[in-house]
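Written out below as structure tokens is the structure these notes cover.
The values are calculated or read from the model by the stated rules, or taken from the named source; none is laboratory data. Values in this document were obtained by computation on a predicted structure and should not be read as measured data. For neighbour counting, all protein chains shown are included, and Cβ atoms are generated from backbone atoms with ideal geometry for every residue, glycine included.
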Amino acid sequence: MHDWENHEVAGINRMPARACLLPYDDTESARTYERLASPYFSLLNGVWKFQYLQNPAFVDENFVRPDFDASAWGDIPVPSHWQMHGYGRPHYTNVIYPFTVNPPHVPTDNPTGCYRREFTVPPSWKGRKVCLRFEGVDSAFYVWVNGTKVGFSKGSRLAAEFDITAQVLPGTNTLAVEVFQWSDGTYLEDQDMWWLSGIFRDIYLVAQPQVDIFDAFVKTDLDASYKNGTLTVDAVLANDRRTEAKKHSLTATLLDRDGAVVAEVKKEAAIPGSGTTNVALTMPVKAPSKWTAESPYLYTLLLTLTDSRGTVLAVKPVRTGFRKVEIRNANVLVNGRPIMVRGVNRHDSHPDKGRAVSYDDMKLDLLIMKRHNVNAVRTSHYPNDPKFYDLCDELGLFVMCECDLETHGFSYDEGKNPSMWPAWEHLCVDRMQRMVEARKNHPCIFSWSLGNESGFGCNHEAMYRWAKQRDTTRPVHYEGASRPGLMKREKGEPWQRERACSDIASAMYPHPDTWKKWAQADDTGWPFILCEYAHAMGNGPGVFREYWELFWSQKNMQGAFVWEWCDHGITRHTADGTTWYAYGGDFGDEPNDSNFVCDGLVFPDRTPSPGLLEFKKWIEPVLVEAVNVCKGKIRITNRYDHIGLAHLAVDWTLAEDGVPLQGGALPTLDLASRESTDLIVPFKKPQLTPGTEYFLTVRFTLAQDTPWAKAGHEIAHCQLAVPFPAVAAAPVAKPARAHSALSLTQSKTAIAVHGDDFAIDFDPVFGRIARWQFAGRDLIVPNFGPRLNFWRAAIDNDAHWSLWEHALHAQWKKARLNQMQHHTVDCSAKKDGAAVVVTVRSRIAPPVLFIGFDAEYRYTIAPDGTVKLAVSGTPRSTCAVQPPPESRNWAEVMPHLPRIGLELRMPKELQAVDWYGHGPGECYVDTKAANPVGRYRAAVASLCTPYVFPQENGNREEARWTALSDPRGAGLLVAGHPHLNFSAHVYTTEDFDKARHTYDLVPRDFLTVHLDYKQCGVGSGSCGPATFEQYRIKSEPFAFTLSFAPFDTAQATPDAVYRRLRSQR
């Protein structure tokens, strides 16, 4: 049986797992932590020779020999994935395996990559132990040095280290690696991501002394008052000599951030020949600075090994931080205080590199997270590169470190999953051991995780037992144990087995009401942290308010991790060089799960999505509430876990109809975490204007630079409506100039209303405006005036791919809301005083079915060219027998609606958009918190959000008015009564519905403008709760009014036009 499909083999000749501690000659170089500052480190990254073959049988066994001629081979960068360089193809699946499931066997079509390179062993390494370490190889590999087989390993995202001392020679050496795309380990690596292969993380050599600090576990503890600390070092000293190493000494020196010695302890030890000995060092530390995600204070621990003569054999540095993690009173405590996990799930992903991410790539992700108030990362669903944890230690993020284990493609029924097979226990435990041992010294890691979506079985129990025995300082998480336990408890069934394998209650995507029910019923002391929620696929998620209000209301709830951080799109280019992002199926990869791989808070190029901005708002660490806002009294609550607010500058603005009137700075707030205080914002009551809105906005920004953002970066903001008492409206002013009387002409096929500088022609047959001109310029595309529309282009969270009857898109499609037809019942026009009133009655209904709306449009046209449009509609079934109210037969009963609003087409020259409402970004009824009410201006193109999979986008919520204008400043203003939603695109709704990639969208020579009364919220129904009921649009009678006013900025600004319209109501 081949090693790569033999589940009894986890590795061959692999060294025991351990933390990677690099040796330095002196303390000065050790304190740099720079790998290249060690003369005993050699990085083997770079260009390697590479050959790609379809099966291991085709490999020339001589390729491992030093004298083998590989000049005809191609070149490949290491680290990388070979699929990203033209060998094979990327393949995406979420749950399913992309081959026949027959464990431990793998397909005959098992692409194999052969790698070769030379490396040099310097003379200074003579007499030292040379170790070869791979940080990540997907999925299994053999390694040879100078033609001699060294070993074999599985576990793609886990380090594999080999002792190659016996194989290396002084000078030039040959390294050969054979990598298999598929192995029996693949059955344990069914994560939701691209299948990508090769040496994708660092590979390097380390020359250790023959008597060495083989490993060390550095632990910190705090006393009962969390003031004073204790640092312990459990070290393993190894002796590769045959004779005993006597009177060697291990010294632990703790340095603070400035390099001053804080504490030091030394212990003598003897290490048997060809053996090891354990050394424990303990040092008390008085009042150390503590490590938290908000104040990541790091110490440097120098471990120095000397021989009997006092000669330094190695100095090995370890970053450490004083922090204590414990579970008490149903809370995870860090340094004695409950934390609130404002987290994200993160895959390694780059649009050009796949999972072969660089230090800079990882740092960019973490900087963006910190700037958006994220404080925690779940390494879904495997351990990350070691440098990732270094960055989290430095920048300050809590990490749930997850094992490289997922068997999602198997059943979860008893006995049907590898996690339940005793013969696979050693493979599962091996993965847990290698993860924990390599990363155990990182203070950022607050919890281990047994893996993801692997059912629950005896192998999880073994993993848990080992982890708790090895590391008593951290809890262990596994959703596959806790959620079934919660569900069993709800049913009154036995559940202690599951409860014993997760220290944290966890679940994926429960409705907030369900999560609340489970948490309130728990009496076991579990802290409740969702490992996945708020599925961030496409437009959305629209669930943050409900979850976060719940988290803060329940004492045993401690936040959650959003799924997920980034879209995994792969960069592609059209023939003309336009960039687009590929997803499942775009490489001919079958079977696949399409664009389900694009479900992140940032786009593939790391542009923040509207969803990330909304998330930042809901997790911001400062809460502002109104106490008596008309008198400036507000309440500030510090929602940080550990630190105060003294590092934040506070400023305020009072705005009138979106225009700032007053502003200033508030004193620095010295407010402890989770404490509140009331204060007065010292604005003066303005001279009130009838109908005017006032908003108070308070902003919290960094007062000084930090390692992750510059001074002035906004941490939090809050906008409060200031409901000053209403004042009586002044008499309506007479127009500056008198307007001529309107002319009205009618025929069977035309109704014409003309004024001094405008003309509006109606088509009474089709019941809509056919032409609308102002000052000789068209305001609409001929024959495309406002018309009721109930459809929106499907968003991912409408679950447009699903046939499940509860999926929103399935309901709407079944009701044929995308095929609504407009039948004109009648159209009439008459003069009403100085105005002309045009009334259109219509039936708007889909083909085939009985459902539809009886609608009316009432246009009141004034001599100055303004148009007041009152729209109403009533759902009515034309079925001879009226269906019962509880019916869910969409042929007879209208479901809830995607939107209610008007759609029209306008000339493409109207490229500038001004509005007063929520902005500046895209927002919907359930995603508007991040966008305060204000005055904004943007180009039409910038209103579009370029989701990887095109869909409904670009809405602006609760606009009081919006105006589109051409470069000369002429255009059309639309005002709500009191609000409207709007969007403007160079694409139609049908374009978005049909497109599968951004390159499918071809700009039209007109604008499609939506003026909505309501639009359904976006929810998170792609995987999780669909749009909550309060954000849905019930099928019931509706009525709304909009006012339209042509304008020219040479005569009046949009704001002045709006004030005139408001005064005329």
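General remarks:
- When S308 is tested against (1) part of a loop (DSSP other than H, G, I, E, B); (2) buried (at least 16 other Cβ atoms within 10 Å of the Cβ), just one condition goes unmet, and that condition is (2).
- Per the listing R899, R858, R937, R888, the residue uniquely of a type outside the set (S, T, N, Q), surrounded by fewer than 19 Cβ atoms within 10 Å (Cβ to Cβ) and in contact with an Asp or Glu (Cβ under 7 Å, 6 or more places away or on another chain) is R937.
- Of R1004, R960, R996, all but one fail to be at pLDDT 95 or above, surrounded by fewer than 23 Cβ atoms within 10 Å (Cβ to Cβ) and closer than 30 Å to V698 by Cβ; the exception is R960.
- Only one of the numbered conditions (1) surrounded by fewer than 16 Cβ atoms within 10 Å (Cβ to Cβ); (2) of a type in the set (G, A, S); (3) closer than 30 Å to F398 by Cα is not met by G644, and that is (1).
- Cβ pairs under 7 Å, 6+ apart, first in segment 942-963 and farther than 25 Å from T692 by Cβ, second at pLDDT 95 or above and basic (K, R): F949/R996; E952/R792
- Filter result (surrounded by 19 or more Cβ atoms within 10 Å (Cβ to Cβ) and in a loop (DSSP other than H, G, I, E, B)) within segment 912-931: G919, G921, E922, C923, Y924, V925, D926, T927, K928, A929, A930, N931
- Screening segment 993-1015 for residues that are touching a strand residue (DSSP E or B) at 6+ places or on another chain (Cβ under 6 Å) and assigned to a helix (DSSP H, G or I) and picking the one that is nearest to Q951 (Cα to Cα) gives T998.
- 3 or more residues in contact (Cβ under 8 Å) with a residue 60 or more places away in the chain: qualifying helices (runs of 4 or more DSSP H) within segment 419-496: 425-439
- The residue that is nearest to the chain's Cα centre (by Cα), counting only those in segment 250-264 that are of a type outside the set (D, E) and surrounded by fewer than 16 Cβ atoms within 10 Å (Cβ to Cβ), is R257.
- Verdict on Y412 being buried (at least 19 other Cβ atoms within 10 Å of the Cβ) and within 20 Å of T93 (Cα to Cα): no
- Just one of the numbered conditions (1) in contact with a strand residue (DSSP E or B) (Cβ under 6 Å, 6 or more places away or on another chain); (2) over 22 Å from I844 (Cα atoms); (3) part of a loop (DSSP other than H, G, I, E, B); (4) of a type outside the set (A, V, I, L, M, F, W, C) is not true of K710: (1).
- Residue among D192, D221, D184, D234 that is more than 29 Å from V168 (Cα to Cα) and without any contact (Cβ under 8 Å) to a residue 60 or more places away in the chain: D234
- Residue check for V1018: at pLDDT 95 or above, hydrophobic (A, V, I, L, M, F, W, C) and in a loop (DSSP other than H, G, I, E, B): yes
- Number of residues in segment 863-881 that are without any contact (Cβ under 8 Å) to a residue 40 or more places away in the chain and within 25 Å of D826 (Cβ to Cβ): the value is 5.
- Of all residues in segment 524-581 being within 23 Å of T1027 (Cα to Cα), more than 18 Å from the chain's Cα centre (by Cα) and among the aliphatic types (A, V, I, L, M), the one that is surrounded by the fewest Cβ atoms within 10 Å (Cβ to Cβ): L550
- Residue that is farthest from the chain's Cα centre (by Cα), among those in segment 590-605 that are crowded, with 20+ Cβ neighbours inside 10 Å and in a loop (DSSP other than H, G, I, E, B): N592
- Qualifying positions in segment 497-534 - in a loop (DSSP other than H, G, I, E, B) and either of a type in the set (D, E, K, R) or farther than 24 Å from F446 by Cβ (or both): D503, H511, D522, D523
- Test set (1) in a loop (DSSP other than H, G, I, E, B); (2) assigned by TED's automatic domain parsing to the domain that holds N628 - T653 fails condition number: (1)
- Single residue of segment 265-287 satisfying the filter (among the basic types (K, R) and touching a strand residue (DSSP E or B) at 6+ places or on another chain (Cβ under 6 Å)) that is surrounded by the most Cβ atoms within 10 Å (Cβ to Cβ): K267
A quick yes/no check of all residues on (1) modelled with pLDDT of 95 or more; (2) assigned to a loop (DSSP other than H, G, I, E, B):
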site: P735; (1), (2): no, yes
site: A738; (1), (2): no, yes
site: V753; (1), (2): yes, no
site: V765; (1), (2): yes, yes
site: S802; (1), (2): no, yes
site: E805; (1), (2): no, yes
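- Flag if D586 is modelled with pLDDT of 95 or more and more than 16 Å from R346 (Cβ to Cβ): yes
- Residue, farthest from the chain's Cα centre (by Cα), within segment 421-445, restricted to residues that are among the aliphatic types (A, V, I, L, M) and closer than 13 Å to E8 by Cβ: A423
- Condition met for D761 (surrounded by fewer than 21 Cβ atoms within 10 Å (Cβ to Cβ), under 30 Å from V986 (Cβ atoms) and out of contact with any Leu (no Cβ under 6 Å at 6 or more places or on another chain)): yes
- If you go through segment 606-628 and keep only what is buried (at least 20 other Cβ atoms within 10 Å of the Cβ), farther than 19 Å from G559 by Cβ and out of contact with any Cys (no Cβ under 6 Å at 6 or more places or on another chain), you end up with S609, P610.
- Within the span defined as segment 976-990, one or more residues are of a type in the set (D, E, K, R), in the same structural domain as I1033 (by TED's automatic domain parsing) and surrounded by fewer than 21 Cβ atoms within 10 Å (Cβ to Cβ).
- Strands (runs of 3 or more DSSP E) (entirely within segment 121-177) containing at least 3 residues that are under 41 Å from the mean Cα position of the chain (by Cα) and buried (at least 24 other Cβ atoms within 10 Å of the Cβ): 140-145
- Answer from P847, P898 - the residue that is over 28 Å from R1065 (Cα atoms) and touching a residue at least 60 places away in the same chain (Cβ under 8 Å): P898
- M463 being of a type outside the set (V, I, T) and surrounded by 22 or more Cβ atoms within 10 Å (Cβ to Cβ): yes
- Applying the criterion of being in a loop (DSSP other than H, G, I, E, B) and among the β-branched types (V, I, T) to the residues of segment 1036-1062, the residue that is nearest to W772 (Cα to Cα) is T1049.
- Any hit, segment 995-1007, residues being within 30 Å of P690 (Cβ to Cβ) and touching a residue at least 40 places away in the same chain (Cβ under 8 Å): no
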